[in-house]
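Right, one structure below, let's go through it.
Computed from the coordinates by the stated procedures, all read-outs in this text should not be read as laboratory data. Predicted model only: the values in this text are computed from it and were never measured. Note: ideal-geometry Cβ built from the backbone for every residue, glycine included; neighbour counts use all protein chains shown.
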Ligand code: FAD
């Protein structure tokens, strides 16, 4: 039987990063993955394929709607070849997951393919083509999450689908009904909207992206409506019925009146649930909480002292970069180091266009905590860079402590917000004041000038270009 210092169960961004860091720190490491490719949800059916389709559909939309304004004329009609678009997405996925195979080899990490389940706290059975048993001094559970569902919805995975099927449709829906106005629903909704589908979003809460700052929700809602999305907030879905090629969704609006949506596809994107099926956690002494998450302490250690857990399977934001930070954190903890994660500084991003990004506290959170804060906001449309590319929607909003001027939250909607938020993370990591950022030179013309201007607005209301 092979023995390891560390076994990692699950090869998503949490698991494979944890394995690499363990190997870098000199630990003999194994990784166990039940699927034939490494990379987990993120690389196979999450972050990477969704961004590949967002990029392709964005090119198409530009060609159809914006090229002419730029003086680019295309003789004949611009057409979508969905099969080719999906095939390109798959080749991006294949290259990316292949890269993880390379990284495992490079770091001399043993890869086991099969379902990992605990025999006891130091032994894991791997059921693949044959059953193998390994011994591990320490184990990191990184088994991730799966799409969740509403109890009354039958997912047939043909017309009533999850994000996984939405990444490989064979036709462009005529009318896609998206249940859930969170990140995944809006991103995939935008892919098919750009390709020509009618898209209706049905959201239970009173606004889309309800976990983010309300100002971001409002701006994104406005922009998506301009893009002809039909957004129905405060609608409680009661039933989803498939009749041949038609899907009928019934919901109660906020007045309690039943509303019916008829489409040909329904994407159910109501969140994700932690995944521990088949893991046999209890025999190792690993406790789950009532939400099905693996319970961990501040060291990400489970109720079994040699077993840790990271990523979507534990509490906190379900994000790839959060899982990665936790992977490094556990590896370094096992090596006797004293790592640290500031969960307040894990950025959240929505990759619609315009993009939405945020880090730190929202206005709602600051109000609830009774913090005295000031706001500096700057619209993207006032930037030369925005006019040059005709990306005029959105703003950057900086929230700073009223007394000390320390930046407490940065919220933005706009072109390349996903990349720009990194500046806010760096500033907040070093506990910058709004004035610090306002005095740093930002290249002109760039979208990041909106961050400087918002910082100027937050300190004595002195933006220069508005
Ligand atoms: P996962 O990536 O879920 O990996 C877990 C792995 O464990 C899986 O491969 C699974 O097969 C394996 N496994 C489970 N049980 C066992 C077992 N018993 N034995 C062996 N293997 C097992 N996040 C972002 O930060 N940015 C994005 O842009 C983004 N886009 C997304 C888009 C979509 C459509 C979806 C669905 C998700 C997106 N996410 C995004 C979320 C992101 O994918 C997850 O937060 C991330 O993958 C979590 O990583 P993880 O390592 O915890 O688990």
Alpha carbon Rg of segment 136-203, scaled by the compact-globule rule 2.2 N^0.38 Å:
1.39
If 73, 364 are placed from fewest to most neighbouring beta carbons inside 10 Å, the sequence is 73, 364
With only alpha-carbon pairs counted, each pair once and no self-pairs, how large is the Kirkwood hydrodynamic radius of segment 4-81 in angstroms?
15.7 Å
Could you calculate the contour length gain from residue 259 to residue 245, that is, 0.36 nm times the residue separation minus the distance between their Cα atoms, to one decimal place in nm?
3.0 nm
In vacuo Debye scattering of segment 20-164, one point per C-alpha: log10 I(q)/I(0) at q = 0.10, 0.17 Å⁻¹?
-0.55, -1.08
Using alpha carbon centers only, segment 247-278 is separated from segment 290-353 by a whole-angstrom value of 30 Å
Sum of -39500 (n - 2.57) over DSSP H runs of 4+, divided by residues of the chain (222 nm, nearest 500):
-9000 deg cm²/dmol
With equal scatterers on the alpha carbons only and no solvent term, can you work out the Debye log10 of I(q)/I(0) for the chain at 0.06, 0.08, 0.14 1/Å?
-0.29, -0.53, -1.39
Where the convex hull is taken over the Cα atoms of segment 327-387, what is its projected area averaged over directions, in nm²?
7.3 nm²
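Need the full-extension length gain, residue 226 to residue 321, defined as separation in residues times 0.36 nm minus the C-alpha distance. One decimal, nm.
Numbers: separation 95, 0.36 × 95 = 34.20 nm, distance 3.12 nm.
Extra length available between residue 226 and residue 321 comes to 31.1 nm.
What's the ranking of 296-304, 127-135 by average number of surrounding C-beta atoms within 10 Å, highest first?
On the way: 296-304: 17.0, 127-135: 13.0.
The packing order, highest mean first, is 296-304, 127-135.
Give the calculated FRET efficiency between residue 403 and residue 333 to the nearest 0.05, with a Förster radius of 30 Å applied to their Cβ-Cβ distance. Show your work: numbers first, answer last.
Numbers: r = 36 Å, r/R0 = 1.20.
The computed FRET efficiency comes out at 0.25.
Peptides 313-319, 426-432: what's the order by average Cβ count within 10 Å, highest mean first?
Values: 313-319: 19.1, 426-432: 15.3.
Highest to lowest by the protection proxy: 313-319, 426-432.
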Sorting check: for 108-121, 138-151, 325-338, which peptide has the highest mean count of neighbouring beta carbons within 10 Å, and how do the rest follow?
138-151, 325-338, 108-121
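To one decimal place, what Kirkwood hydrodynamic radius in Å is obtained for segment 214-286 from all pairs of distinct Cα atoms?
Working: mean 1/r = 0.0635 Å⁻¹.
Its Kirkwood hydrodynamic radius stands at 15.7 Å.
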